[in-house]
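Okay, structure first, notes after.
The values are calculated or read from the model by the stated rules, or taken from the named source; none is laboratory data. Note that the structure is a prediction, hence the values are computed from the model and not measured. Cβ coordinates were reconstructed from backbone atoms using ideal geometry, including for glycine residues, and neighbour counts include every protein chain displayed. To get the accessible areas, we keep the full protein, side chains included, count just its heavy atoms, and leave off ligands, DNA and RNA. Shrake-Rupley method; radii C 1.70, N 1.55, O 1.52, S 1.80 Å.
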Amino acid sequence: MNEAGLHARPAAEFVRAANIFRSEVWLIKGDKRFSATSIVEVLTADLCRGDKAIIQADGPDAEQAVARLAELARRSED
């Protein structure tokens, strides 16, 4: 994640990307699960630089969804 973490602008890009897929997609941080298709839930996850989270998807294009969202997360680290 960038210095500020997954704040409004990158979170919105992440949510837009998650909504392209037909699969259900979640962010898992600790023992909490957040819908990756909801800006409110993604911001509530409060992901900061250095935090660890899991991207989980279930559905017909789950692999593609996880790959794309992981790519976005990695790109935001640069």
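At a 10 angstrom cut-off on C-beta neighbours, averaged per residue, how do the peptides 28-37, 49-58 rank from highest to lowest?
Values: 28-37: 15.8, 49-58: 13.8.
Highest-to-lowest ranking by the protection proxy: 28-37, 49-58.
Over the chain, what is the relative contact order in percent, taking alpha-carbon pairs closer than 8 angstrom and at least six residues apart?
Details: 128 pairs, mean separation 32.0, N = 78.
Here the relative contact order equals 41 percent.
Over the chain, with a Gaussian network built from C-alpha contacts below 10 Å, which listed residue (25, 40, 15) shows the highest mean-square fluctuation?
Residue with maximal mean-square fluctuation among 25, 40, 15: 40.
For every helix of n ≥ 4 consecutive DSSP H residues, a contribution of -39,500 (n - 2.57) applies; sum these over the chain, divide by its total residues, and give [θ] at 222 nm rounded to the nearest 500 deg cm²/dmol. Could you put the intermediate results ahead of the total?
Working: 3 runs with 33 residues, N = 78.
Computed ellipticity for the chain at 222 nm equals -13000 deg cm²/dmol.
Hey, what do the phi angles of the range 63-69 turn into as Karplus ³J(HN,Hα) couplings, whole Hz, using 6.51/-1.76/1.60 and θ = phi - 60°, x for Gly and Pro?
Rounded to whole hertz, the list is 4, 5, 4, 4, 4, 5, 5.
Multiply the residue separation of residue 8 and residue 58 by 0.36 nm, subtract the distance between their alpha-carbon atoms, and state the gained length in nm to one decimal. Working shown, then result.
On the way: separation 50, 0.36 × 50 = 18.00 nm, distance 2.52 nm.
Full extension from residue 8 to residue 58 adds 15.5 nm.
I want the local charge near residue 41. Using Cβ-Cβ distances under 12 Å, sum +1 for each Lys or Arg and -1 for each Asp or Glu among the other residues. Don't skip to the end; give the middle numbers.
Numbers: positive: 29, 32, 33; negative: 46.
Around residue 41, the surrounding residues sum to +2.
Can you give the angle from 0 to 90° between the axis of helix 8-20 and the longest principal axis of the chain, with both taken from C-alpha atoms, to the nearest 10?
Once rounded, one gets 10 degrees.
Once ligands and nucleic acids are excluded and a 1.4 Å probe is used, how much of residue 21 is accessible, expressed in Å² to the nearest 10?
Its heavy atoms expose roughly 40 Å² to the probe.
Got a number for the accessible area of residue 16? Probe 1.4 Å, square angstrom, nearest 10.
Residue 16 has an accessible surface of roughly 150 Å² with all protein chains in place.
In Å², what does the accessible area per residue of the chain work out to with a 1.4 Å probe?
Working: 4910 Å² over 78 residues.
With the other protein chains kept in place, the chain gives 63 Å² per residue.
Based on the Kirkwood radius over alpha-carbon pairs, what value in µm²/s does the Stokes-Einstein equation return for the translational diffusion coefficient of the chain at 4 °C and 1.567 mPa s? Mind dumping the intermediate values first?
On the way: Rh = 12.1 Å.
Value of D from the Cα-based Kirkwood radius: 107 µm²/s.
So if R0 is 22 Å, what FRET efficiency would residue 24 and residue 71 give, r being the distance between their Cβ atoms, rounded to the nearest 0.05?
Details: r = 19 Å, r/R0 = 0.87.
Efficiency, from the Cβ-Cβ distance: 0.70.
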